[in-house]
Amino acid sequence: MRYQGLIERYRDRLPVDDTTPVVSLCEGDTPLIELHNLTGELAAETGGDPVRIFVKYEGLNPTGSFKDRGMTMAVSKAAEKGAKAIVCASTGNTSAAAAAYAARAGMTAFVLIPEGKIPMGKLAQAIAHGAVVLQIRGNFDDGMRLVKEVAGEAPVEIVNSINPYRLQGQKTGAFEIIEALGDAPDYHCIPVGNAGNISGYWIGYSEMAGCNTASCTLCNGECPYLEQPKTRKRPVMVGYQAAGAAPFMRGAPVEAPETLATAIRIGNPQSWDLARAAIEESGGWFDEVTDDELLATQSLLATREGVFCEPASAVSLCGAVRDIRAGRIPGGSTITCTLTGHGLKDTATAIAGRETVETVDADLASVKAAIVGRL
Ligand code: AN7
């Protein structure tokens, strides 16, 4: 049957029933791509057992980021309640997803974005889908505070990840990985901003590990996935942040977060406790990477593996590679990295400082010289 989005796919595992109006853009079902070139080089360098690295390419969701997984749930549940409007604060991707799903549901989306700090691709999406874009003189954390305040004063549903339905949708990323690999990976590496996604993945992995056991609160031993591979395994969760916006490394909110990875320019993550629990229960850790490091990884992934992700997304692979080199992630491991958003979201950052476009005369001699000179 035609794929109809993650609510239909995982209906048995999501808080929906026959009366829930499903608002979907056929999100989910994204590719899990194995990185052959980079892992080959890493093995040669470290000399140990080769690792396997898979990237979950969430940029191939309908609005170009993982946010669509949570948004299909949040907007469907808002529609079930009869909501006419939704609201969110955003560093760009949540606003793009909110705008698109609101359009589909016939609702108004109000999006609060930090002035001058979201890339043009994401802003274009919010505008194109007809959202009311409120650019605030403040950062994401200010926007988040205001959204919580205004939701008490006006009939608008919050669709940030403090809305529990968001995490329910986002947990399906873990389901898809287990299905693709036949089991959970050893390590799951993920960028952390507002900390919703790491929390959602951990819920997903935990549910699958409890699968077909009496202790599973969802299925009570009547697993809807009896034909699927079963697992008791959960991965070690590793959350990476940008160094200028790394509250989990500081152990406290960061007042004025700063990073070129604007998607994760967040100082006061809302899902703090859930994210900490994921790290502690899984025996994982948080770490940080610099802007230079994450941009280098974004470029490496694009030039050596053909996968174009946005700067914030590259943080997962960037940290993973560093931890593999350091032996913290041991040889022989299977590692999944969530690439949260598409590179086309922020073309300006991707090409900044790169003089790789050459202008030549429109004649054969010039074009031939330019080609032959590089072979
Ligand atoms: C590409 O759009 O918070 O830790 O407002 O866009 O779940 O917040 C975006 C977050 C990683 C961090 N990668 O995920 C927003 C927003 C990309 C992102 C994150 C975001 P969370």
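The values are calculated or read from the model by the stated rules, or taken from the named source; none is laboratory data. Being a predicted model, the structure only gives us computed values, none of them experimental. Because the Cβ atoms are built from the backbone with ideal geometry, glycine has one as well, and the counts that use them run over all protein chains shown. Ligands, DNA and RNA are stripped out before the accessible areas are found, and what is left, the full protein with its side chains, is counted by its heavy atoms. Shrake-Rupley method; radii C 1.70, N 1.55, O 1.52, S 1.80 Å.
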Margin query: Between region 23-94 and region 330-361, what is the separation of their alpha carbon centroids in Å?
Written below: 16 Å
Notebook entry, point to check: Semi-axes of the equivalent ellipsoid of region 1-140: what are they in whole Å, largest first, if each equals the square root of 5 times a C-alpha gyration tensor eigenvalue?
Noted result: 33, 23, 11
Next item on the list: At 1.4 Å probe size, with every protein chain present, just tell me what the per residue accessible area of region 236-285 comes to in Å².
Entry: 38 Å²
Notebook entry, point to check: Under 5 Å between amide H atoms, partner at least 5 residues away or on a different chain: which partners does residue 236 have, H built in plane at 1.01 Å?
Noted result: 187, 188
Next item on the list: Provide Rg over Rh for region 1-50; use the alpha carbon set for both Rg and the Kirkwood Rh (inverse mean inverse pair distance).
Entry: 1.35
Notebook entry, point to check: In region 31-125, what percent of the accessible surface is made up of carbon and sulfur (1.4 Å probe, ligands and nucleic acids excluded)?
Noted result: 52 percent
Note to self: Give me the one-decimal nm value for the distance between modelled label points at residue 128 and residue 150, 7 Å along each residue's Cα-to-Cβ direction.
What the structure shows: 2.4 nm
Next item on the list: At most 12 other Cβ atoms within 10 Å plus a DSSP loop assignment makes a site exposed; report the longest stretch of the chain without any exposed GluC sites (Glu not before Pro).
Entry: 1-114
Checklist line | Helix-only CD estimate at 222 nm, as mean residue ellipticity for the chain, using -39500 (n - 2.57) per DSSP H run (n ≥ 4) | finding: -12000 deg cm²/dmol
Next item on the list: Taking the Cβ of residue 258 as the centre, find all other residues whose Cβ is under 12 Å away and add up their charges (Lys, Arg: +1; Asp, Glu: -1).
Entry: 0
Margin query: Suppose each label sits 7 Å from its Cα in the direction of the beta carbon; what would the residue 358-residue 180 distance come out to in nanometres?
Written below: 3.6 nm
Check: What do you get when you divide the Cα radius of gyration of region 305-375 by 2.2 N^0.38 Å, with N the number of residues?
Finding: 1.67
Margin query: Nearest 5 percent is fine: what portion of the DSSP beta bridges confined to the chain is antiparallel?
Written below: 15 percent
Notebook entry, point to check: With every protein chain left in place, what is the accessible area per residue of region 333-375 in square angstrom, probe 1.4 Å?
Noted result: 67 Å²
Notebook entry, point to check: Mean separation of Cα pairs under 8 Å and 6+ residues apart, divided by the residue count of region 43-98: what relative contact order is that in percent?
Noted result: 28 percent
Next item on the list: Compute the Cα gyration tensor for region 226-372, then decide on rounded, prolate or oblate, letting a ≥ b ≥ c be the square roots of its eigenvalues: rounded whenever a/c is under 1.5, prolate when a/b is larger than b/c in the other cases, and oblate in all that remain.
Entry: prolate
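Counting only heavy atoms of the protein chains, get the accessible area per residue of region 1-95 (1.4 Å probe) and round it to a whole Å² value.
It amounts to 39 Å² per residue over region 1-95.
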Next item on the list: Multiply the residue separation of residue 255 and residue 328 by 0.36 nm, subtract the distance between their alpha-carbon atoms, and state the gained length in nm to one decimal.
Entry: 23.3 nm
Checklist line | Relative contact order %, the chain, counting alpha carbon pairs below 8 Å whose residues are six or more apart | finding: 19 percent
Notebook entry, point to check: How big is the charge dipole of region 221-322 about its Cα centre, in debye rounded to the nearest 20, if each Lys and Arg gets +1 on its Cβ and each Asp and Glu gets -1 on its Cβ?
Noted result: 340 debye
Check: All other residues with a Cβ under 13 Å from the Cβ of residue 104 taken together, and with Lys, Arg as +1 and Asp, Glu as -1, what is their net charge?
Finding: -2
Item checked: Protein accessible area in region 139-202, 1.4 Å probe - carbon and sulfur % -> 50 percent
Check: Carbon and sulfur atoms: what percent of the 1.4 Å accessible area of region 297-347 do they account for?
Finding: 53 percent
Margin query: Only sites in a loop by DSSP and with at most 12 other Cβ atoms within 10 Å count here; which trypsin sites (Lys or Arg not before Pro) in region 46-103 make the cut?
Written below: none
Notebook entry, point to check: Considering only the other residues whose Cβ falls under 9 Å of the Cβ of residue 333, what net charge follows from Lys and Arg at +1 and Asp and Glu at -1?
Noted result: -1
Checklist line | Volume in Å³ per residue [convex hull over Cα atoms, computed for the chain] | finding: 163 Å³
